[in-house]
There are 2 protein chains.
Amino acid sequence: MSLSNLDLVNECDAFPYYQADPDLYLASISTYFELRVANHDYALGYMLPSVAEVFRGVPNWDLNDDDRILTLTSGSTVSERSEAVEQTLLALRTTGHFKVLDKWRNELYAVYGRNKELLFNVERSASPLLGVVTYGVHLTAYTKDAETGALKIWTPRRAKSKQTFGGMLDNAVGGGISSGESPFASLVRECAEEASLPEDLVRRDARACGTVTYFHIRGEKAGGETGLLQPECEYVYDLEVPEGLELKPNDDEVEEFYLWSVEEVQGAMRRGEFKPNCALMVLDFLVRHGVLTEESERDYIEIVARLHRRLEFPTL
Amino acid sequence: MSLSNLDLVNECDAFPYYQADPDLYLASISTYFELRVANHDYALGYMLPSVAEVFRGVPNWDLNDDDRILTLTSGSTVSERSEAVEQTLLALRTTGHFKVLDKWRNELYAVYGRNKELLFNVERSASPLLGVVTYGVHLTAYTKDAETGALKIWTPRRAKSKQTFGGMLDNAVGGGISSGESPFASLVRECAEEASLPEDLVRRDARACGTVTYFHIRGEKAGGETGLLQPECEYVYDLEVPEGLELKPNDDEVEEFYLWSVEEVQGAMRRGEFKPNCALMVLDFLVRHGVLTEESERDYIEIVARLHRRLEFPTL
């Protein structure tokens with residue numbers, strides 16, 4: 001197996017684009033249900049029909065088969081909506097309807113409306129059932145050879161015991177953003193937890209470098225139901241780490257850190273060893289640092305655009 | 001007048017998005033004609049009906065009103081197609097049909113197919129009539145204060161005499177890529193012509209940082225017909241310039257160079273003093289350098305995605 005960089009993008013950003021193939025896009029869309037909340041006439045996510053079906057007749061929800069819309073009908077405040085959502089999800093967890101709910105995290109993700117207002121919070125493990133946009137932070141930690149300028153990238157291998165993407169390669173630091181937490185606060189916390197990076201170093205030197213956005217369709221390795229729709233926005237940070245400072249796992253999520261040359265990283269990418277969305281952060285890093293260029297990468301223009309998908313749902 | 005950064009993006013990337021408003025998008029599309037070449041059943045660009053109409057009955061062209069497609073029917077090689085296109089455009093220039101052709105440049109732009117193959121070349125000034133994707137290079141030249149790390153950005157003011165966007169602010173170096181010229185070769189040439197930058201410095205230190213892509217609708221300041229459709233791909237480069245090295249115009253296209261703080265640049269952006277697409281390169285630079293962040297920019301996610309539009313036509 002040798003994956004091209006565009007293959008890696010296609011694996012993660014798998015939802016069709018209207019302009020690339022209108023028929024395929026509309027055929028996909030027409031099988032899904034839109035998720036909405038009352039008095040907001042736009043989609044917050046797409047849900048599989050097999051998932052939406054389970055909400056039929058459940059209090060606080062209305063399933064409109066003609067328009068293929070599932071609406072949370074109750075609640076006009078964040079807490080009312082959030083409670084109604086939680087009540088349903090807890091019941092579905094108890095009934096064992098969805099495997100993804102077996103990994104209940106007791107962590108809330110935020111769902112925003114068109115005016116960037118918080119509409120409701122939802123248990124993290126349930127977010128792919130609803131198909132709503134989720135937010136994360138990813139940091140690439142690298143060193144630069146003082147003489148040659150050659151980059152080395154700190155690359156962790158996920159613990160084999162992890163339920164999702166066990167044993168695969170990852171970005172130095174990455175994690176989901178809980179509702180109410182700022183991206184940078186989330187980053188600082190994860191840097192300590194996952195890589196033992198000193199807080200003062202992160203606060204001083206971590207550099208925001210944009211976002212990577214994509215529309216994923218969950219496969220087997222994510223665990224739980226497949227085919228769930230997962231539009232994601234990752235806030236991307238770079239951190240140049242002084243030579244000699246070693247990244248070390250501080251929890252049981254990482255097995256080991258490697259300090260790899262760009263060539264070693266690219267080899268592992270081609271072999272499909274990276275967690276799919278983490279490969280995208282590496283590509284974004286390599287583009288921004290002039291390693292991937294139009295001379296070295298045949299699909300340069302397509303890749304750069306695809307790393308920054310405009311999501312069709314409201315975002316923060 | 002105080003423009004937000006999203007206003008600046010909207011001004012340049014003005015073509016509607018299907019997902020944002022399907023009705024608006026389809027209404028727009030349905031007024032345009034697709035440009036195609038024989039035996040390639042996909043659009044290379046969108047043309048205004050008032051432009052396509054002029055090709056009716058012209059040898060080598062077929063105007064299909066039912067499907068709204070203008071096809072170059074003659075030629076099966078690059079040179080045959082290019083000659084047929086040139087022949088028509090020269091005739092249209094003579095008849096004075098289009099104001100944009102008054103600025104005939106004797107410079108050819110490349111039009112590519114889905115397999116990244118060159119399909120034909122077209123006179124630069126005519127490319128917005130056909131609505132095809134054009135390519136350019138833009139370089140941001142900056143200095144970094146050794147002590148504070150504060151960025152300063154070299155910002156030229158275009159000569160008032162320039163036919164397009166005269167007197168407006170620009171990126172340090174920018175220009176269109178002629179057919180057959182590589183982006184980097186184009187960059188090196190423009191750096192000497194426009195900013196007197198030493199070739200060895202540019203070759204050593206200019207860093208490729210991705211692409212900025214957008215779909216522009218031409219307004220008054222571009223000169224010539226308004227409403228022409230202009231999908232563009234700009235290869236973006238950064239160059240950290242040593243303090244003390246001064247950028248100077250080497251031709252009559254630039255009036256003067258300023259070395260401005262980020263605040264001065266942002267002030268001029270808010271006042272609408274930048275050429276529209278150049279403002280996008282500044283935004284991309286500020287995002288990649290951690291100046292614009294989710295904390296300082298309300299529309300961060302939207303802006304980053306919009307700077308990297310996936311164009312709906314084949315690109316190189």
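The values are calculated or read from the model by the stated rules, or taken from the named source; none is laboratory data. Remember, it's a predicted structure, so these values are computed and weren't measured experimentally. Every residue, glycine as well, gets a Cβ built from its backbone with ideal geometry; the counts of neighbours run over all protein chains shown. Accessible surface areas use protein heavy atoms only, side chains included; no ligands, DNA or RNA. Shrake-Rupley method; radii C 1.70, N 1.55, O 1.52, S 1.80 Å.
Sorted shortest first, the distances from the B:T94 label point to those of the same residue in the other copies are 8.5 nm; each point sits 7 Å from Cα along Cα-to-Cβ.
Could you work out the relative contact order of segment A:32-128? I mean the mean sequence separation of Cα pairs under 8 Å and 6+ apart, divided by the number of residues, in percent.
Working: 146 pairs, mean separation 20.4, N = 97.
Result for segment A:32-128 is 21 percent.
Placing a label point 7 Å from Cα along the Cα-to-Cβ axis, B:R298 is separated from the same position in the other copies by 4.5 nm, shortest listed first.
Would you calculate the convex hull of the Cα atoms in segment A:52-98 and tell me its volume per residue in Å³? Spell out each step's value before the answer.
On the way: hull volume 3.3 nm³, N = 47.
In segment A:52-98, the Cα convex hull volume per residue is 70 Å³.
Estimated from helices alone, the mean residue ellipticity of chain A at 222 nm is -8000 deg cm²/dmol (sum of -39500 (n - 2.57) over DSSP H runs with n ≥ 4, per residue). Its Kirkwood hydrodynamic radius, worked out from the mean inverse distance over all distinct Cα pairs, puts segment A:139-266 at 15.7 Å. For segment B:32-129, the solvent-accessible area works out to 47 Å² per residue, with a probe of 1.4 Å and every protein chain left in place.
The modelled label-to-label distance for the pair B:N250/B:A159, using points 7 Å beyond Cα in the direction of Cβ, is 1.6 nm.
Averaging Cα coordinates gives a centre for segment A:128-202 and one for segment B:93-136; these two points are 45 Å apart. Each label was represented as a point 7 Å from its Cα along the Cα-to-Cβ direction; for B:E263 and A:E240 these points are 2.5 nm apart.
In this assembly of identical copies, the label point of B:D23 (Cα plus 7 Å along Cα-to-Cβ) is separated from its counterparts by 2.8 nm, sorted shortest first. Of the accessible area of segment A:32-128, computed with a 1.4 Å probe over protein heavy atoms only, carbon and sulfur atoms account for 43 percent.
For chain A, divide the Cα radius of gyration by the Kirkwood radius and give the resulting Rg/Rh value with two decimals.
Numbers: Rg = 20.1 Å, Rh = 20.5 Å.
Rg/Rh for chain A comes to 0.98.
If you take every DSSP beta bridge fully contained in the protein assembly as shown, what fraction is antiparallel? Give it as a percent rounded to 5. Don't skip to the end; give the middle numbers.
Working: 74 of 104 bridges.
Antiparallel: roughly 70 percent of the beta bridges in the protein assembly as shown.
Normalised by the number of residues in chain A, the average gap of Cα pairs under 8 Å and 6 or more apart makes the relative contact order 22 percent.
Equivalent-ellipsoid semi-axes (√(5λ), Cα gyration tensor) for the protein assembly as shown, whole Å, largest first?
Details: eigenvalues 346, 207, 99 Å².
Ellipsoid half-lengths, sorted descending, are 42, 32, 22 Å.
May I ask for the Rg/Rh ratio of segment B:1-131, computed from Cα atoms with Rh as the Kirkwood radius, given to two decimals? Mind showing how you got there, number by number?
Working: Rg = 16.2 Å, Rh = 16.1 Å.
Using only Cα positions, Rg/Rh for segment B:1-131 is 1.01.
I want the local charge near A:E11. Using Cβ-Cβ distances under 12 Å, sum +1 for each Lys or Arg and -1 for each Asp or Glu among the other residues. Spelling it out: positives minus negatives among the neighbours equals +2.
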